[in-house]
Amino acid sequence: LKIAVALTLQGFREVKTFEHKKCFFCGSKQVKKNGHRDNGKQQYHCGSCKRQFIGGQRLNPNTLWQRYSEGKQSAAQLAAQYGCSIKTIRRHLSKAATQGECALPQAPVNLIMDTTYFGRKWGVMVLYDAISKRALSVLEVKNETIERYRQEVAALQERGVVIQSIICDGKSGLLGSFLDIPVQMCQFHQIKIIVRHLTRKPKSPAAQALRTLSLTLTGTTQAAFEAALKRWYEQYAAFLNERSVNEKTGHSHYTHKRLRTAYNSLKRHLPWLFTCERFPELCIPNTTNLLEGKFSEMKQLLRCHRGLKKESKLRFIKDYFAKNSS
């Protein structure tokens with residue numbers, strides 16, 4: 001009986017030694033029980049750093065950040081899971097080692113450039129490689145300017161990145177800013193421009209025909225599209241050039257301004273809408289959908305963490321693109 005009791009006590013000591021509580025803050029084992037909280041949870045006191053904490057799962061900043069950024073768990077949910085306050089969770093999240101820098105590929109890149117906004121005050125400009133599926137540059141901007149795009153492209157080239165093509169939207173002046181690099185305008189952005197001017201349900205036959213023609217952009221060739229656009233103009237030229245007279249001033253103006261704007265947009269952007277067809281060896285995508293999808297996924301993850309400050313949100317975004325670029 002004595003031997004059995006001794007073995008039982010020895011086993012109890014071994015288990016207690018193995019499960020010895022460590023301090024959440026300094027990792028010391030000089031920890032004593034220090035009463036209970038009102039909710040009945042055990043409280044501990046560290047003899048090394050003299051701080052108190054509640055017993056529970058040990059908080060690991062990197063594990064918390066992974067569950068926070070990828071697992072869609074809010075700070076409140078993590079606080080309830082670990083039995084601590086939201087303030088404690090946020091303090092540990094700020095200590096997590098996030099991946100702020102994007103790795104640069106060694107091979108030539110097809111560079112997708114676009115900006116997404118968070119409200120009216122700031123946004124994030126991203127330069128993304130369509131081949132390696134990597135974000136090469138992620139930076140905060142107040143406004144999407146052509147000069148900022150030029151600076152970022154030049155900075156990447158100075159760092160040794162070979163840019164064999166650029167894919168972007170139809171921002172005025174941007175398409176003609178890179179004379180030595182093939183530039184592809186996103187065909188879906190062009191379709192959106194047409195729909196914005198003509199609406200989804202245009203009334204006139206000319207507008208209906210032009211909208212239908214624009215919807216074929218992604219599945220046609222340059223020669224076929226230019227021929228179809230020429231036939232459309234020959235058919236509706238008189239309607240397109242109709243003018244009306246202002247009775248008060250006596251000045252005349254084009255009657256169908258929105259239709260003319262849509263047509264002129266197509267005509268003006270034609271040199272960049274089929275760059276991917278002229279350089280088949282470069283495998284240039286004809287849209288910016290790859291980056292738009294990343295924006296959509298990133299914002300969906302951010303919706304779980306409403307109320308973040310701009311600095312925290314920017315840290316989250318940079319870490320998202322860095323992890324999805326490795």
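The values are calculated or read from the model by the stated rules, or taken from the named source; none is laboratory data. None of these values were measured; they are calculated from a predicted model. Cβ atoms come from the backbone with ideal geometry, glycine included; neighbour counts cover every protein chain shown. Ligands, DNA and RNA are excluded from the accessible area calculation, which covers all protein heavy atoms including side chains. Shrake-Rupley method; radii C 1.70, N 1.55, O 1.52, S 1.80 Å.
Things to note:
- Separation in nanometres of the label points that stand 7 Å from Cα toward Cβ, at GLU242 and SER74: 5.5
- Nearest-10 value in Å² for the accessible area of ASP169, using the 1.4 Å probe: 20
- Value of relative contact order over the chain, rounded to a whole percent, pairs C-alpha under 8 Å and six or more apart: 16
- Based on the convex hull around the alpha carbon atoms, the chain presents an average projected area of 29.2 nm².
- Full-stretch length increase - GLN43, ASN264 - with 0.36 nm per residue and alpha-carbon distance subtracted: 72.3 nm
- FRET efficiency for the GLU281 to SER132 pair, using the beta carbon distance and R₀ = 22 Å, is estimated at 0.80.
- Using a cut-off of 24 Å between Cα atoms, the listed pairs LYS171/LYS313; LYS192/LYS294; LYS72/LYS95; LYS87/LYS310; LYS171/LYS267; LYS41/LYS310 include LYS171/LYS313; LYS41/LYS310 as exceeding that distance.
- Around the amide H of ARG134, modelled in the peptide plane, lie the amide H atoms of ASP129, all under 5 Å away and 5 or more residues distant in sequence or on another chain.
- Here the stretch 134-177 is treated as a sphere whose radius is the Kirkwood value from Cα pairs; by Stokes-Einstein at 4 °C and 1.567 mPa s it diffuses with a coefficient of 112 µm²/s.
- Highest-first packing order for the peptide set 206-214, 266-274 is 206-214, 266-274, based on the mean count of other beta carbon atoms within 10 Å.
- With 5 Å bins beginning at zero, the pair-distance distribution over Cα atoms of the stretch 21-135 amounts to 2, 10, 14, 14, 14, 13, 8, 6, 7, 7, 4, 2, 0 %.
- In plain terms, the chain from LEU179 to GLU234 could stretch by 16.6 nm, reckoned as 0.36 nm per residue minus the Cα-Cα distance.
- Each principal axis of the Cα atoms in the stretch 60-205 has its own extent, and those three values, largest first, are 63, 49, 26 angstrom.
- Share of carbon and sulfur in the accessible heavy-atom surface of the stretch 180-326 [1.4 Å probe, %]: 52
- Prolate/oblate/rounded label for the stretch 209-312 (Cα gyration tensor, a/c 1.5): oblate
- Net charge dipole size for the chain [Lys, Arg +1 and Asp, Glu -1 on Cβ; Debye, nearest 20]: 2160
- With protein chains left intact and a 1.4 Å probe, residues in the chain average 58 Å² of accessible area per residue.
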